[in-house]
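*Asks:* Could you have a look at this structure, given as C-alpha coordinates, before my questions?
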Amino acid sequence: MRITFWGVRGSIPTPGRETAEIGGNTSCVEVRAGKLILVLDGGTGLRLLGQKLLKEMPLTAHIFFSHVHWDHIQGFPFFAPAFVSGNSIHLYGLSDVSRTLEDTLAGQMDYPSFPVHLSQMGAAMTFRDLREGQIVRLDDGEGSELTVRLTRGNHPNGVSIYRVDHRGKSMVYATDTEHYAVVDPRLVAISQNSDVLVYDSQYTPEEYAQRLGWGHSTFEEGVKIARAAGVKKLVLYHHDPNQTDAMVRDKERRARELFESSLAAYEGLILEP
Ligand SMILES: [Zn+2]
Ligand SMILES: [Zn+2]
(Lines give C-alpha, C1' and ligand atoms only; values in the text may rest on other atoms or scores of the structure.)
(Ligands and ions follow the chains in the order given, each with its own letter.)
Protein backbone atom coordinates (compact mmCIF):
# COMPACT_ATOMS: atom_id res chain seq x y z
CA MET A 1 0.00 0.00 0.00
CA ARG A 2 1.33 3.42 -0.94
CA ILE A 3 -0.24 6.51 0.64
CA THR A 4 0.46 9.96 -0.82
CA PHE A 5 -0.74 13.21 0.74
CA TRP A 6 -1.89 15.82 -1.80
CA GLY A 7 -3.72 18.18 0.57
CA VAL A 8 -3.34 18.31 4.34
CA ARG A 9 -4.96 21.60 5.32
CA GLY A 10 -8.37 22.00 6.93
CA SER A 11 -11.21 24.42 6.26
CA ILE A 12 -9.77 26.60 3.47
CA PRO A 13 -6.70 26.60 1.21
CA THR A 14 -3.81 28.54 2.69
CA PRO A 15 -1.23 29.53 0.06
CA GLY A 16 1.65 31.77 1.14
CA ARG A 17 5.21 31.81 2.38
CA GLU A 18 4.28 30.88 5.95
CA THR A 19 2.63 27.61 4.88
CA ALA A 20 4.74 26.59 1.86
CA GLU A 21 6.57 23.72 3.58
CA ILE A 22 3.51 21.92 4.95
CA GLY A 23 1.37 23.01 2.01
CA GLY A 24 -1.87 24.92 1.67
CA ASN A 25 -4.15 22.56 -0.27
CA THR A 26 -7.16 21.04 1.46
CA SER A 27 -7.84 17.38 2.20
CA CYS A 28 -6.85 14.78 -0.37
CA VAL A 29 -4.99 11.48 0.08
CA GLU A 30 -4.17 8.93 -2.60
CA VAL A 31 -3.93 5.23 -1.75
CA ARG A 32 -2.48 2.82 -4.30
CA ALA A 33 -2.88 -0.92 -3.77
CA GLY A 34 -2.23 -3.41 -6.55
CA LYS A 35 -3.76 -1.80 -9.63
CA LEU A 36 -6.33 0.12 -7.59
CA ILE A 37 -6.44 3.89 -7.40
CA LEU A 38 -8.23 5.06 -4.26
CA VAL A 39 -8.69 8.68 -3.28
CA LEU A 40 -9.78 9.88 0.14
CA ASP A 41 -11.52 13.25 -0.17
CA GLY A 42 -11.55 15.76 -2.99
CA GLY A 43 -10.22 18.97 -1.47
CA THR A 44 -8.02 21.23 -3.58
CA GLY A 45 -5.19 18.68 -3.41
CA LEU A 46 -7.24 16.57 -5.83
CA ARG A 47 -6.38 18.96 -8.66
CA LEU A 48 -2.67 18.12 -8.34
CA LEU A 49 -3.37 14.39 -8.13
CA GLY A 50 -5.48 14.71 -11.27
CA GLN A 51 -2.57 16.25 -13.16
CA LYS A 52 -0.40 13.26 -12.26
CA LEU A 53 -3.11 10.74 -13.18
CA LEU A 54 -3.42 12.19 -16.70
CA LYS A 55 -0.40 10.03 -17.56
CA GLU A 56 -2.23 6.85 -16.48
CA MET A 57 -5.36 7.18 -18.60
CA PRO A 58 -7.65 5.46 -19.34
CA LEU A 59 -8.13 4.90 -15.63
CA THR A 60 -10.59 3.76 -13.00
CA ALA A 61 -10.52 5.66 -9.72
CA HIS A 62 -12.49 5.22 -6.51
CA ILE A 63 -13.04 8.44 -4.58
CA PHE A 64 -14.31 8.16 -1.00
CA PHE A 65 -15.60 11.39 0.55
CA SER A 66 -15.49 11.70 4.33
CA HIS A 67 -18.21 14.33 4.03
CA VAL A 68 -19.15 17.15 1.73
CA HIS A 69 -17.91 20.31 3.45
CA TRP A 70 -16.19 22.54 0.90
CA ASP A 71 -12.64 21.72 1.93
CA HIS A 72 -13.33 18.07 1.02
CA ILE A 73 -15.05 18.51 -2.36
CA GLN A 74 -13.73 21.73 -3.89
CA GLY A 75 -11.05 20.04 -5.93
CA PHE A 76 -13.50 17.81 -7.77
CA PRO A 77 -14.53 20.36 -10.44
CA PHE A 78 -10.78 20.68 -11.22
CA PHE A 79 -10.02 16.93 -11.33
CA ALA A 80 -8.90 16.69 -14.94
CA PRO A 81 -9.44 12.90 -15.45
CA ALA A 82 -13.16 13.43 -14.69
CA PHE A 83 -13.46 15.44 -17.91
CA VAL A 84 -12.05 12.70 -20.16
CA SER A 85 -14.31 10.05 -21.68
CA GLY A 86 -12.98 6.54 -21.30
CA ASN A 87 -12.18 7.09 -17.61
CA SER A 88 -14.39 5.56 -14.90
CA ILE A 89 -14.84 7.29 -11.58
CA HIS A 90 -16.67 5.68 -8.69
CA LEU A 91 -17.71 8.10 -5.97
CA TYR A 92 -18.65 7.06 -2.44
CA GLY A 93 -20.01 8.96 0.54
CA LEU A 94 -21.96 8.48 3.70
CA SER A 95 -25.66 8.48 2.93
CA ASP A 96 -27.43 11.52 4.21
CA VAL A 97 -31.11 11.90 4.93
CA SER A 98 -31.61 15.00 2.82
CA ARG A 99 -29.30 14.84 -0.22
CA THR A 100 -27.34 12.22 -2.11
CA LEU A 101 -23.61 12.56 -2.79
CA GLU A 102 -24.40 13.16 -6.46
CA ASP A 103 -26.77 16.04 -5.62
CA THR A 104 -24.19 17.67 -3.38
CA LEU A 105 -21.30 17.35 -5.84
CA ALA A 106 -23.51 18.62 -8.65
CA GLY A 107 -24.73 21.46 -6.42
CA GLN A 108 -21.30 23.06 -6.12
CA MET A 109 -21.14 23.16 -9.95
CA ASP A 110 -24.61 24.64 -10.45
CA TYR A 111 -25.11 27.80 -12.46
CA PRO A 112 -23.92 30.52 -11.73
CA SER A 113 -21.19 29.21 -9.41
CA PHE A 114 -19.30 27.15 -12.01
CA PRO A 115 -19.23 27.15 -15.84
CA VAL A 116 -19.48 23.37 -16.40
CA HIS A 117 -22.05 21.11 -14.82
CA LEU A 118 -21.25 17.72 -13.30
CA SER A 119 -23.35 15.99 -15.97
CA GLN A 120 -21.06 17.46 -18.70
CA MET A 121 -17.78 16.18 -17.25
CA GLY A 122 -17.12 13.33 -19.69
CA ALA A 123 -15.91 10.42 -17.58
CA ALA A 124 -18.32 7.63 -16.65
CA MET A 125 -19.36 8.15 -13.04
CA THR A 126 -21.18 6.02 -10.50
CA PHE A 127 -22.33 7.20 -7.10
CA ARG A 128 -22.71 5.07 -4.01
CA ASP A 129 -24.24 6.33 -0.79
CA LEU A 130 -22.86 4.14 1.97
CA ARG A 131 -24.35 3.15 5.33
CA GLU A 132 -22.50 2.95 8.62
CA GLY A 133 -20.87 -0.44 9.04
CA GLN A 134 -20.94 -1.17 5.30
CA ILE A 135 -17.89 -2.83 3.72
CA VAL A 136 -16.84 -2.04 0.14
CA ARG A 137 -14.82 -4.84 -1.46
CA LEU A 138 -12.63 -4.12 -4.48
CA ASP A 139 -10.53 -6.46 -6.62
CA ASP A 140 -6.96 -5.13 -6.77
CA GLY A 141 -6.41 -6.64 -10.22
CA GLU A 142 -3.53 -8.77 -8.89
CA GLY A 143 -5.45 -11.52 -7.14
CA SER A 144 -6.11 -9.81 -3.80
CA GLU A 145 -9.07 -8.03 -2.32
CA LEU A 146 -9.06 -4.57 -0.80
CA THR A 147 -11.72 -3.63 1.72
CA VAL A 148 -12.96 -0.24 2.84
CA ARG A 149 -14.97 -0.10 6.07
CA LEU A 150 -16.64 2.92 7.52
CA THR A 151 -17.92 4.25 10.77
CA ARG A 152 -19.31 7.61 11.82
CA GLY A 153 -17.25 10.34 13.42
CA ASN A 154 -18.42 13.38 15.39
CA HIS A 155 -18.80 16.40 13.12
CA PRO A 156 -21.52 18.93 12.23
CA ASN A 157 -23.58 17.45 9.32
CA GLY A 158 -21.91 14.06 9.82
CA VAL A 159 -18.64 12.49 8.72
CA SER A 160 -17.44 9.07 7.67
CA ILE A 161 -14.23 7.52 8.95
CA TYR A 162 -12.68 4.98 6.60
CA ARG A 163 -10.40 2.03 7.14
CA VAL A 164 -8.60 0.52 4.15
CA ASP A 165 -7.18 -3.01 4.38
CA HIS A 166 -5.05 -4.66 1.72
CA ARG A 167 -2.72 -7.66 1.95
CA GLY A 168 -2.33 -7.43 5.72
CA LYS A 169 -1.67 -3.66 5.75
CA SER A 170 -4.13 -1.05 6.86
CA MET A 171 -4.71 2.65 7.17
CA VAL A 172 -7.46 4.64 8.85
CA TYR A 173 -8.59 8.02 7.59
CA ALA A 174 -10.24 9.91 10.45
CA THR A 175 -10.55 13.55 9.55
CA ASP A 176 -13.06 16.12 10.77
CA THR A 177 -14.02 14.40 13.98
CA GLU A 178 -14.21 15.85 17.46
CA HIS A 179 -13.27 13.74 20.46
CA TYR A 180 -15.51 13.11 23.44
CA ALA A 181 -14.71 13.14 27.16
CA VAL A 182 -14.00 9.43 26.74
CA VAL A 183 -11.96 8.00 23.88
CA ASP A 184 -14.42 7.32 21.03
CA PRO A 185 -15.00 3.54 21.11
CA ARG A 186 -15.95 3.50 17.42
CA LEU A 187 -12.65 5.12 16.48
CA VAL A 188 -10.69 2.72 18.65
CA ALA A 189 -12.52 -0.23 17.13
CA ILE A 190 -11.95 0.80 13.53
CA SER A 191 -8.29 1.73 14.19
CA GLN A 192 -7.43 -1.57 15.89
CA ASN A 193 -3.82 -2.58 15.05
CA SER A 194 -3.73 -0.33 11.98
CA ASP A 195 -0.39 0.58 10.43
CA VAL A 196 -1.31 4.22 9.86
CA LEU A 197 -3.90 6.42 11.57
CA VAL A 198 -4.51 9.74 9.81
CA TYR A 199 -6.20 11.85 12.48
CA ASP A 200 -7.85 15.27 12.67
CA SER A 201 -5.27 17.28 14.62
CA GLN A 202 -6.53 20.68 13.57
CA TYR A 203 -5.93 22.30 16.94
CA THR A 204 -3.42 22.39 19.71
CA PRO A 205 -5.09 21.64 23.06
CA GLU A 206 -4.92 25.40 23.81
CA GLU A 207 -6.66 26.30 20.53
CA TYR A 208 -9.23 23.58 21.05
CA ALA A 209 -10.33 25.17 24.34
CA GLN A 210 -11.64 28.09 22.22
CA ARG A 211 -13.29 25.83 19.61
CA LEU A 212 -15.48 23.38 21.51
CA GLY A 213 -18.17 21.86 19.32
CA TRP A 214 -16.55 22.89 16.01
CA GLY A 215 -16.06 19.26 15.03
CA HIS A 216 -12.27 18.99 15.19
CA SER A 217 -9.69 17.47 17.48
CA THR A 218 -6.10 17.63 18.72
CA PHE A 219 -2.88 15.61 18.50
CA GLU A 220 -3.30 14.66 22.16
CA GLU A 221 -6.57 12.94 21.40
CA GLY A 222 -5.00 11.24 18.38
CA VAL A 223 -2.31 9.85 20.68
CA LYS A 224 -4.99 8.43 23.00
CA ILE A 225 -6.62 6.56 20.11
CA ALA A 226 -3.27 5.39 18.73
CA ARG A 227 -2.34 3.95 22.12
CA ALA A 228 -5.74 2.39 22.82
CA ALA A 229 -5.92 0.77 19.37
CA GLY A 230 -2.28 -0.32 19.01
CA VAL A 231 -1.69 1.91 15.98
CA LYS A 232 1.85 1.85 14.54
CA LYS A 233 2.05 5.38 13.09
CA LEU A 234 0.00 8.48 13.89
CA VAL A 235 -0.30 11.15 11.19
CA LEU A 236 -1.48 14.62 12.25
CA TYR A 237 -3.81 15.90 9.55
CA HIS A 238 -6.25 18.71 8.62
CA HIS A 239 -4.04 21.51 9.96
CA ASP A 240 -5.78 24.71 10.95
CA PRO A 241 -5.53 27.49 8.32
CA ASN A 242 -4.06 29.82 10.95
CA GLN A 243 -1.12 27.50 11.64
CA THR A 244 2.19 28.40 10.00
CA ASP A 245 4.80 25.78 9.11
CA ALA A 246 6.54 26.49 12.43
CA MET A 247 3.32 25.97 14.36
CA VAL A 248 2.62 22.65 12.62
CA ARG A 249 6.19 21.51 13.36
CA ASP A 250 5.70 22.46 16.99
CA LYS A 251 2.49 20.40 17.09
CA GLU A 252 4.48 17.49 15.66
CA ARG A 253 7.22 17.90 18.27
CA ARG A 254 4.68 17.87 21.09
CA ALA A 255 2.91 14.81 19.65
CA ARG A 256 6.25 12.95 19.47
CA GLU A 257 6.85 13.60 23.15
CA LEU A 258 3.67 11.64 23.84
CA PHE A 259 3.84 9.06 21.03
CA GLU A 260 7.16 8.64 19.29
CA SER A 261 5.82 7.39 16.00
CA SER A 262 3.91 10.60 15.18
CA LEU A 263 4.37 12.90 12.24
CA ALA A 264 2.64 15.92 10.77
CA ALA A 265 1.24 15.36 7.29
CA TYR A 266 2.63 17.63 4.55
CA GLU A 267 2.02 17.84 0.82
CA GLY A 268 4.10 15.21 -0.92
CA LEU A 269 4.45 12.93 2.10
CA ILE A 270 4.50 9.29 1.00
CA LEU A 271 4.01 6.38 3.42
CA GLU A 272 4.43 2.74 2.44
CA PRO A 273 3.17 0.57 5.29
ZN1 LIG B 1 -12.56 19.70 6.81
ZN1 LIG C 1 -15.94 19.33 7.88
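*Asks:* To the nearest 20 debye, what charge dipole does the stretch 1-59 have about its Cα centre, counting +1 at the Cβ of each Lys and Arg and -1 at the Cβ of each Asp and Glu? Each step should come with its number before you reach the end.
*Replies:* On the way: 8 positive and 5 negative charges, 43 e Å.
Charge dipole of the stretch 1-59: 200 debye, to the nearest 20.
*Asks:* Follow-up question, since we're still on this one. For Lys55, which aspartates and glutamates qualify as cross-link partners when the Cα separation must be under 18 Å and same-chain residues fewer than eight apart are set aside?
*Replies:* Result set, ordered by chain and number: Glu30.
*Asks:* Over the chain, what relative contact order in percent results from Cα pairs under 8 Å that are six or more residues apart?
*Replies:* Working: 672 pairs, mean separation 50.6, N = 273.
Relative contact order for the chain comes out at 19 percent.
*Asks:* Given all pairs of different Cα atoms, what value in angstroms does the Kirkwood hydrodynamic radius of the chain take? Intermediate results must be reported in sequence, preceding the final value.
*Replies:* Numbers: mean 1/r = 0.0541 Å⁻¹.
Taking every pair of different Cα atoms in the chain, averaging 1/r and inverting gives 18.5 Å.
*Asks:* Might you report the magnitude of the Cβ-based charge dipole of the chain about its Cα centre, with Lys and Arg at +1 and Asp and Glu at -1, to the nearest 20 debye? Mind showing how you got there, number by number?
*Replies:* Details: 28 positive and 34 negative charges, 104 e Å.
So the magnitude is around 500 debye.
*Asks:* Right, something else. Counting only protein chains, not ligands or nucleic acids, how are Asp184, Asp110, Asp165 ordered by accessible area (probe 1.4 Å), most first?
*Replies:* Asp110, Asp165, Asp184
*Asks:* What accessible surface, in Å², does a 1.4 Å probe find on Phe78, ignoring ligands, DNA and RNA and rounding to the nearest 10?
*Replies:* Spelled out: Phe78, probe radius 1.4 Å, area about 110 Å².
*Asks:* Modelling each spin label as a point 7 Å along the Cα-to-Cβ direction, I'd like the Lys35/Ala124 distance in nm, to one decimal.
*Replies:* Using points 7 Å along Cα→Cβ, the separation is 1.4 nm.
*Asks:* Using the heavy atoms of the protein chains alone and a 1.4 angstrom probe, what is the accessible area of the chain per residue in square angstrom? Don't skip to the answer; put the middle values down first.
*Replies:* Working: 11480 Å² over 273 residues.
Here the residues of the chain average 42 Å² of exposed surface.
*Asks:* A further question follows. Any chance you could give the angle, 0 to 90 degrees and rounded to 10, that helix 245-258 forms with the longest Cα principal axis of the chain?
*Replies:* The angle comes out at about 60 degrees.
*Asks:* Okay, next question. Determine the distance separating the Cα centre of the stretch 238-273 from the Cα centre of the stretch 29-88; give it in Å without decimals.
*Replies:* Distance between centres, Cα-based: 24 Å.
*Asks:* Separate question: For the stretch 122-244, what is the charge dipole size about the Cα centre, in debye to the nearest 20, if Lys and Arg each add +1 at the Cβ and Asp and Glu each add -1 at the Cβ? Write down the numbers at each step before the final one.
*Replies:* Numbers: 14 positive and 17 negative charges, 70 e Å.
With Lys and Arg at +1 and Asp and Glu at -1, about 340 debye.
*Asks:* Still on this structure, please answer the following. Counting pairwise Cα distances across the stretch 176-240, what percent come out greater than 21 angstrom?
*Replies:* Details: 318 of 2080 pairs.
The calculated P(r) of the stretch 176-240 puts 15 percent of pairs beyond 21 Å.
*Asks:* Calculate, in whole percent, how much of the Cα-Cα pair population of the stretch 41-124 lies beyond 16 Å.
*Replies:* Summing the P(r) of the stretch 41-124 above 16 Å gives 50 percent of all pairs.
*Asks:* Here is a further query. Under a 10 Å cutoff between Cα atoms, tell me which one of Gly143, Gly107, Gly86 has the largest fluctuation in the Gaussian network model of the chain.
*Replies:* Fluctuation is largest for Gly143.
*Asks:* Same structure, new question: As a test, work out the antiparallel percent of DSSP beta bridges whose residues both lie in the stretch 129-254, rounded to the nearest 5. Let's see the in-between values first.
*Replies:* Numbers: 17 of 27 bridges.
Roughly 65 percent of the beta bridges in the stretch 129-254 run antiparallel, per DSSP.
*Asks:* List the pairs from Lys224/Lys251; Lys52/Lys169; Lys169/Lys232 whose alpha-carbon separation is above 21 Å, in the order I gave them. Could you put the intermediate results ahead of the total?
*Replies:* Numbers: Lys224/Lys251 15 Å; Lys52/Lys169 25 Å; Lys169/Lys232 11 Å.
Violating the 21 Å limit, Cα to Cα: Lys52/Lys169.
*Asks:* Run the numbers on the stretch 1-103 and let me know its relative contact order in percent, using alpha-carbon pairs under 8 Å that are six or more apart. Kindly include the intermediate steps, with their values, before the conclusion.
*Replies:* Details: 219 pairs, mean separation 24.3, N = 103.
Value for the stretch 1-103: 24 percent.
*Asks:* While we're here: Return P(r) of the stretch 141-217 (all Cα-Cα pairs; 5 Å bins starting at 0; whole %; ordered from short to long distances).
*Replies:* The distribution over the stretch 141-217 is 3, 15, 24, 22, 15, 10, 5, 3, 1, 1, given as percents.
*Asks:* So for each of 114-120, 42-48 I average, over its residues, the number of other beta carbons within 10 Å; can you give me the resulting order with the highest mean first? Each step should come with its number before you reach the end.
*Replies:* Numbers: 114-120: 11.7, 42-48: 27.1.
Most protected by this proxy first, the peptides run 42-48, 114-120.
*Asks:* From largest accessible area down, sort Arg9, Arg99; use a 1.4 Å probe on the protein chains. Could the numbers behind the result be given before it?
*Replies:* Working: Arg9 0, Arg99 120 Å².
Result of the area sort, largest leading: Arg99, Arg9.
*Asks:* With a 1.4 Å probe and all protein chains in place, put Met121, Met1, Met247 in order of accessible area, largest first. Provide the component values of the computation, followed by the final result.
*Replies:* Working: Met121 0, Met1 35, Met247 80 Å².
Largest accessible area first, the list is Met247, Met1, Met121.
The values are calculated or read from the model by the stated rules, or taken from the named source; none is laboratory data. Everything numeric in this text was worked out from a predicted model, so none of it was measured. With ideal geometry, Cβ positions are generated from the backbone for all residues, glycine too; neighbour counts draw on all protein chains shown. The protein model used for the area step is the full one, side chains on, heavy atoms only, and it has no ligands, DNA or RNA in it. Shrake-Rupley method; radii C 1.70, N 1.55, O 1.52, S 1.80 Å.
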